[in-house]
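Any read-out appearing in this document is the output of simple, stated calculations on the displayed coordinates, not a laboratory observation. Predicted model, so just to flag it, every value in this text is computed and none were measured. Because the Cβ atoms are built from the backbone with ideal geometry, glycine has one as well, and the counts that use them run over all protein chains shown.
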Amino acid sequence: MTSVYEQMLTDAGIPTTQAGMEEAWRTINDEEEVGIANDSKWSPFWRLITAIVTTPGMWLVQLLATQVLPNFFLKDATGIWLELLSWAVDLERKKATQTRGVIRFTREAADGEVGVEAGILVATPPINGQIYRVRTTEQITIADGVISALVPVEAESAGTAHNLGPGYFTLLPEPVFGIAAVSNEADWITIAGADAESDDSLRLRCRNQFSAVGQYHHDAAYRADISLFAGIQPDFVWFEHDAPRGPGSANAYVMIDSGQPSQSFVDGVNAYIRDQGHHGHGDDMLCFTMPEKAAALVVTVYHDGVLSGERIAALNQSVSDRVRFAFRENQDFSKITRTMPFSRFSFSTLANELHQQLPDLKSVAFSLSDIISTMEIPTLSSLTVTLEVA
């Protein structure tokens, strides 16, 4: 099938096939009255012309059709080509950042003081075979009479994978004196971790920049400013108009790819928009975390009774992790449909996706019907996975 870029070359009169090039050489031969007649495919001379002219000519045509021309257009440009196009609209690719947040350290008893040193590792159980760790960044003292405290942490490496939902960071690889338990709570993320911006995300921001040329008073301009923050993609911003706080006011609701940003994260976005002058004259734009539509979900997993205990446990964990991925609590799976605002989350689709990935799964049932959301993101208030013999 001829691509649009090959068609562009054809329309410009440039042959794009070997047969077309050889025909062009014959035409040039006739027009210039060279008199070369031994142009059959068995002719050594014509085979030489094909080797030293036609083949390099095809290289150049393929280079134009598959690399140069596609990268002239925002729709298909990738890599450094896309970065050059983004530079033309005053944008740069966002760099990878590390997740920052707070972990609650709970001690054994409230008597006396307990210190939590900087550099302590907190880990997750294996998620799809991968363990994620964060490290405390400050020394904190839990005062006498206080049973727990929030301690600042930073992910070991940059990327979105550490933006996990509540209850994942629960393990201390090395015991900490006086500490009985650790856990990340619902709004634990203060700075969302982000991978280096993908081509698709950068392309979306470039498209939005054309709409934001006036820079003030409309959604595209605010979307451009808000999506500068790590972890927020242009399509993760929704607006509420109709003057929620009177004339000239509007709300923006934001989300990140997994987990929920903390209020301090949203406060940073608001400070940029409201306090640093990135708003239209008289505008009252206020950002919020996307509201949650929390659901208590029970998943019944049916398996073959002949499975070993180890495989049954692995099936339980695999279903749990994938369901939590669907509800945006981790980043370790693909080909699983995720919840979104203004959508219908289909449990029949989720069941089909689980079957495709888990051969030990005989059947699966969910306690809820489809979740229909508006300006809200479906999340889990609790998840229970029960096992039954099929």
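Let's test the formula: R0 of 30 Å, r as the Cβ-Cβ distance of Ser363 and Leu172. What FRET efficiency results, to the nearest 0.05?
E(calc), rounded to 0.05, equals 0.20.
Counting only Cα atoms, I'd like the Rg/Rh figure for region 98-191, Kirkwood definition for Rh.
On the Cα set of region 98-191, Rg over Rh gives 0.96.
Which is the longest stretch in the chain that no exposed loop site breaks, taking sites as trypsin sites (Lys or Arg not before Pro) with a DSSP loop state and at most 14 other Cβ atoms within 10 Å?
With a cap of 14 other Cβ atoms within 10 Å, the longest stretch comes to 96-244.
With the Cα gyration tensor of region 343-390 giving a ≥ b ≥ c as the square roots of its eigenvalues, does the rule (a/c under 1.5 for rounded; else a/b larger than b/c for prolate; else oblate) give rounded, prolate or oblate?
It comes out prolate by the Cα gyration axes.
Please report, in debye to the nearest 20, how large the charge dipole of the chain is about its Cα centre when each Lys and Arg carries +1 at its beta carbon and each Asp and Glu carries -1 there.
Roughly 520 debye for the chain.
Which percent, to the nearest 5, of DSSP beta bridges fully inside region 212-289 are antiparallel?
Of the beta bridges lying entirely in region 212-289, close to 35 percent run antiparallel.
From Cα pairs below 8 angstrom and at least 6 apart in sequence, can you work out the relative contact order of the chain, rounded to a whole percent?
13 percent
Taking chymotrypsin sites (Phe, Trp or Tyr not before Pro) that fall in a DSSP loop and have at most 13 other Cβ atoms within 10 Å as cut points, what is the longest piece of the chain between them?
The reported range is 217-341.
Pull out the extension gain between Ala143 and Glu83, defined as 0.36 nm times the separation in residues minus the alpha carbon to alpha carbon distance; nm, one decimal.
Gain on extension, Ala143 to Glu83, equals 16.5 nm.
For the pair Thr374 and Ala186, how long in nm is the line joining their label points, each one 7 Å along Cα→Cβ?
2.1 nm
In whole angstrom, how far apart do the alpha carbon centroids of region 165-185 and region 280-347 sit?
22 Å
May I ask you to list the aspartates and glutamates whose Cα is less than 12 Å away from that of Lys362, ignoring any residue fewer than eight positions away on the same chain?
Partners within reach: Asp304, Glu388.
Return the Rg/Rh value of the chain, two decimal places, where both radii are evaluated on C-alpha atoms and Rh is the Kirkwood radius.
That ratio equals 1.14.
In debye to the nearest 20, how big a dipole does region 177-316 give about its Cα centre with +1 on each Lys and Arg Cβ and -1 on each Asp and Glu Cβ?
In total the dipole reaches around 100 debye.
Cα-Cα pairs above 15 Å in region 4-72: how many percent?
When all Cα pairs of region 4-72 are counted, 57 percent exceed 15 Å.
Just report the Cα centroid separation between region 80-111 and region 203-276, whole Å.
Cα centres, region 80-111 to region 203-276: 17 Å.
Which residue, Val298, Leu358, Met340, has the largest displacement toward the positive end of the dipole of region 292-389 when charges sit on each Cβ (Lys, Arg +1; Asp, Glu -1)?
Of the listed residues, the answer is Met340.
Return the FRET efficiency for the residue pair Ser320, Lys75: r is the Cβ-Cβ distance, R0 is 56 Å, and the value is rounded to the nearest 0.05.
0.90
So if we plug the beta-carbon distance of His218 and Arg47 into 1/(1 + (r/R0)^6) with R0 = 45 Å, what FRET efficiency do we get, rounded to 0.05?
Approximately 0.10, to the nearest 0.05.
Of Phe72, Ser148, Ala314, which is farthest on the positive side of the dipole of the chain, counting Cα position, with +1 on Lys and Arg Cβ, -1 on Asp and Glu Cβ, and the Cα centre as origin?
Ala314
Treat every Asp and Glu Cβ in region 4-72 as -1 and every Lys and Arg Cβ as +1, leave all other atoms uncharged, and give the resulting dipole magnitude about the Cα centre to the nearest 20 debye.
340 debye
Could you point to the residue in Gly13, Ser262, Gly165 farthest towards the positive end of the chain's charge dipole, with +1 and -1 charges on the Cβ of Lys/Arg and Asp/Glu respectively?
Gly165
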